[in-house]
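What follows is one structure encoded as structure tokens, with my remarks underneath.
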Ligand code: HEM
Ligand code: HEM
Ligand SMILES: [Fe+2]
């Protein structure tokens, strides 16, 4: 650790991992409810468990991004953080607000939560991923502004590298597009259109800048390749992300009441969206091949290489699979979507956060450049367990999705949704098994922080 | 990448490309906004439909169902449930009203929301309005 104030990122990383565990526990509950329909009913209905699962995912990724920024920006700007105290205060505010929201989901019916938080004054609740009470959303904006102020001031007073500029741009974009979550018109079509300005322009827009910046940072540190080369790649990759991804939003506008020209705009531009992900793969392997040092943190290297590969598979390949309008006509809103959503989120954003945590944590804990061999071996086991089980979750859901699409939408005698779901239950059972293995991988991951500490760390 | 292609060139492509395509997106959004009233039949959004959307949101129906293909994949698509139920709001209301509090053993269950008659009618009216949006013929058939 080169700057004292980087230490605040440790809090953020610990919270991220804690919430990650919660997310996966609820994932496994959801998976079971898929096959044992009344499991935990009516105490925890499916929609409640799902909200907890997806909102925890978003929140822990945000903790991860903020931790990454607090770790990276001082080093990039070559100066202490503008205000470590503000960073710590915002951490607690965000954690407590987040925890209260989750408790709210679980403790009272959603309609009651809407009433007691005054949703009628400014109705924003009840839309996928944006289920948080309006006051929580306002809290998120306040925390984000404080965070952005802190990070921007740090960059302003120090060295301005391409990596910190791109990271900042991504984080500002994240906050700005979130503001569209406050726009909830009575007209469902308009509501849906601007909903995608949050969701799509996040994951296939500004978040890719954050992804690129974190990946570039870790690769510079680990390979020692010249910054000029890495930053050149970074700009080209994110240029492709936005050139394809912004108009690519159209792949969500096919069937929600928008003009039909979006079938062309959306299909053509989103078909190009895999390009930046493919470039990330080439970039990462290239930099590793040209490395000027052997970094002792093998586990971090594994995450850093795994990220572009899995992001390309999940976002690029699985995204392309259903993005052309004539295909999407049949697959829209099926298990194919769920398959893609899982691998894309895991491969791109979960893995990049775990990569920066893996790189930063040994330094933050004063263990020189890397953990002991024992701890790294366990972490690498957890990498393989989680990644391979995520591949299987995706494959099983894809199998379920193909059958669902055929039986319910393509075959001569289309069958009702509930009938089809029962026919494909075997795939859901297999997904559940893979999910439990994912959970085991996560437990090993957490354990890797606690073992091998007494052994000599690797310098 | 070649030496002749410099970092500042790549930076310019990024800023230029991002700005251009964002502006194009905004322009398309304007055009869409003008074309939309034809397709979303907004003239039929009565107070009751608007209230129905609130009921929909307040009870987080989207956490189990899809609506026009977006949402959760646990329960049937509802964008066309009005047609599936034989163009009957009464059937929709009866279904929602009839959910057992303890669920249905072994089957995916929908909660009993204890909606008032006013809320029930509104949410059914909202689903009817939704089924009349011009969705380019989606879903492929009545099963959703
Ligand atoms: C890391 C990047 C990405 C992430 C995290 C991601 C995640 C998701 C998620 C969660 C959904 C479901 C949204 C909902 O609930 O309705 C979705 C939908 C979709 N994604 Fe992605 N995605 C990514 C990149 C891509 C790319 C690159 C493509 C195209 C090549 C793509 C194509 C699609 C399509 C077509 C849908 C709509 C599916 C439907 O009609 O039901 N995605 N994505
Ligand atoms: C890091 C790992 C995971 C990530 C990133 C993740 C992400 C997501 C996302 C983005 C959604 C919304 C899906 C969409 O709209 O397409 C979702 C829903 C869901 N997840 Fe996960 N998840 C993870 C792990 C798991 C595990 C281990 C399980 C189960 C064993 C699971 C089960 C589910 C289920 C059943 C849903 C609801 C799908 C539906 O709407 O019907 N998830 N998850
Ligand atoms: Fe998208």
Test: residue in region B:83-98 that is in contact with a strand residue (DSSP E or B) (Cβ under 6 Å, 6 or more places away or on another chain) and either facing chain A (nearest Cβ under 7 Å) or at negative phi (or both): no
Top-ranked residue in region A:219-228 [being more than 8 Å from every other protein chain (Cβ to nearest Cβ) and without any contact (Cβ under 8 Å) to a residue 60 or more places away in the chain; ranked as nearest to ligand 1 (Cβ to nearest atom)]: A:220
Verdict on residue A:174 being away from chain B (no Cβ under 12 Å), within 16 Å of ligand 2 (Cβ to nearest atom) and touching a helix residue (DSSP H, G or I) at 6+ places or on another chain (Cβ under 6 Å): no
All positions within region A:407-459 that are in contact with a strand residue (DSSP E or B) (Cβ under 7 Å, 6 or more places away or on another chain) and in a loop (DSSP other than H, G, I, E, B): A:457
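Can you pull out every residue in region A:292-319 that is assigned to a helix (DSSP H, G or I) and more than 17 Å from residue A:393 (Cβ to Cβ)?
Correct list: A:298, A:299, A:300, A:301, A:302, A:303, A:304, A:305, A:307, A:308, A:312, A:316.
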Selection within region A:197-207 - within 13 Å of ligand 2 (Cβ to nearest atom) and within 15 Å of residue A:124 (Cα to Cα): A:199
Residue list for region A:177-205, restricted to those being away from ligand 3 (no atom under 16 Å from the Cβ) and more than 9 Å from chain B (Cβ to nearest Cβ): A:178, A:179, A:181, A:182, A:183, A:185
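Listed here are the residues, each with its yes/no results for (1) touching a residue at least 12 places away in the same chain (Cβ under 8 Å); (2) at the interface with chain A (Cβ under 8 Å from one of its Cβ atoms).
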{"residue": "B:28", "(1), (2)": "no, yes"}
{"residue": "B:69", "(1), (2)": "yes, yes"}
{"residue": "B:75", "(1), (2)": "yes, yes"}
{"residue": "B:101", "(1), (2)": "no, yes"}
{"residue": "B:123", "(1), (2)": "yes, no"}
{"residue": "B:134", "(1), (2)": "yes, yes"}
Candidates A:338, A:369, A:355, A:348 - the one that is modelled with pLDDT under 95 and either in contact with a helix residue (DSSP H, G or I) (Cβ under 7 Å, 6 or more places away or on another chain) or within 19 Å of residue A:434 (Cβ to Cβ) (or both): A:369
The lone exception for residue A:330 - which of (1) more than 25 Å from residue A:268 (Cβ to Cβ); (2) more than 9 Å from ligand 1 (Cβ to nearest atom) it fails: (1)
Any hit, region A:152-162, residues being closer than 23 Å to residue A:338 by Cβ, within 13 Å of chain B (Cβ to nearest Cβ), touching a residue at least 60 places away in the same chain (Cβ under 8 Å) and buried (at least 21 other Cβ atoms within 10 Å of the Cβ): no
Lone qualifier among A:129, A:149 - being outside any loop (DSSP other than H, G, I, E, B) and at pLDDT 95 or above: A:149
Residue, nearest to residue A:311 (Cα to Cα), within region A:254-281, restricted to residues that are more than 8 Å from every other protein chain (Cβ to nearest Cβ) and surrounded by 23 or more Cβ atoms within 10 Å (Cβ to Cβ): A:277
All positions within region A:212-242 that are within 16 Å of ligand 3 (Cβ to nearest atom) and surrounded by 24 or more Cβ atoms within 10 Å (Cβ to Cβ): A:241, A:242
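The values are calculated or read from the model by the stated rules, or taken from the named source; none is laboratory data. Just so we're clear, the structure is a prediction, and the values are computed from it rather than from any experiment. Note that we place each Cβ from the backbone using ideal geometry, even for glycine, and neighbour counts take in every protein chain shown.
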